[in-house]
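Enquirer: The structure's right below; bear with me while I get my questions together.
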Amino acid sequence: MSRHATPARCLYAFLACLCLISARPAFAAGAVEMQVERIVTTAINEYNSAMQAGDPTDWLKYFTDNVRRKDPLSAQQGKQEFADYYAREFKSIQAQWVTKKMIISGRSAAVEFEWNGVHKASGMSVKADVVAILEMASSGKFESIIYYFDTAKIGQYLATDVAAAH
């Protein structure tokens, strides 16, 4: 048997290389999704830790300078408005984010969670089901976060804090 390359061997080698090259994007897409899930999970843990400490700095580091935040009661654009919002939230509320379900698609995440909070000034306790949609920029930081929740539950004291800010 000859060890020289035959046209058939060259064709098989070429096809094998082609299969490997075309399979790489599938592996990369899976890796990106795993990275997004890890970053979202880590960011949520940082939110809870930062909330306990009363300092949003460790939560804010996960967001771009042009971040957009929106919920049924307010909207912020840019890192300064975003930071100001969370400074008020962390000052007036003691809360915890408990994830129930997370769905990742590309660089987007939908997170269903239970938000357990206590308004520090009134002592009022609130438990609400919330959905957050996070969009990750190519930098690996989040460029937007949108919350959906029943305003009747959370709005009683958040609206007061938001109105005070405007």
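Enquirer: Ranking request for peptides 100-109, 119-128: highest mean number of other beta-carbon atoms within 10 Å first, then the rest in descending order.
Expert: 100-109, 119-128
Enquirer: Separate question: So who's got an amide H within less than 5 Å of the one on A137, skipping anything under 5 residues away but keeping other chains? H placed 1.01 Å off N, in plane.
Expert: Result for A137 returns F142, E143.
Enquirer: When Lys and Arg each count +1 and Asp and Glu each count -1, what net charge do the other residues less than 14 Å away from Q52, Cβ to Cβ, add up to?
Expert: For residues surrounding Q52, the net value is -2.
Enquirer: I'd like the Karplus ³J(HN,Hα) series for the range 111-127: coefficients 6.51, -1.76, 1.60, θ = phi - 60°, whole numbers in Hz, and an x wherever there's a Gly or Pro.
Expert: My calculation for the range 111-127 gives 10, 8, 8, 9, 9, 10, x, 10, 6, 4, 5, 9, x, 5, 9, 9, 10 Hz in order.
Enquirer: Here's a follow-up. With +1 assigned to the C-beta of every Lys and Arg and -1 to the C-beta of every Asp and Glu, and no other charges, what is the dipole magnitude of the range 72-153 about the Cα centre in debye, to the nearest 20?
Expert: My answer is approximately 200 debye.
Enquirer: Could you put E114, E89, E81 in order of accessible surface area, largest first, with the 1.4 Å probe and the full protein assembly present?
Expert: The most accessible residue leads, giving E81, E114, E89.
Enquirer: Pop out the ³J(HN,Hα) list for the range 46-54 in order, Karplus 6.51 cos²θ - 1.76 cosθ + 1.60 with θ = phi - 60°, rounded to Hz; leave Gly and Pro as x.
Expert: Ordered by residue, 3J(HN,Hα) equals 5, 4, 4, 5, 5, 4, 4, 7, x Hz.
Enquirer: Suppose each label sits 7 Å from its Cα in the direction of the beta carbon; what would the D65-Q35 distance come out to in nanometres?
Expert: The modelled label-to-label distance comes out at 2.1 nm.
Enquirer: Next up: Under 5 Å between amide H atoms, partner at least 5 residues away or on a different chain: which partners does I93 have, H built in plane at 1.01 Å?
Expert: Residues meeting the amide H criterion: K120.
Enquirer: Quote the relative contact order of the range 47-166 in percent (integer), defining contacts as alpha-carbon pairs under 8 Å separated by 6+ residues.
Expert: Once normalised by length, the contact order is 24 percent.
The values are calculated or read from the model by the stated rules, or taken from the named source; none is laboratory data. Since the model is a prediction, treat every value here as computed from it, not as a measurement. So basically every Cβ, Gly included, is an ideal-geometry build from the backbone, and we count neighbours across all protein chains shown. Please note that ligands, DNA and RNA were not included when accessible areas were found on the heavy atoms of the full protein model with its side chains. Shrake-Rupley method; radii C 1.70, N 1.55, O 1.52, S 1.80 Å.
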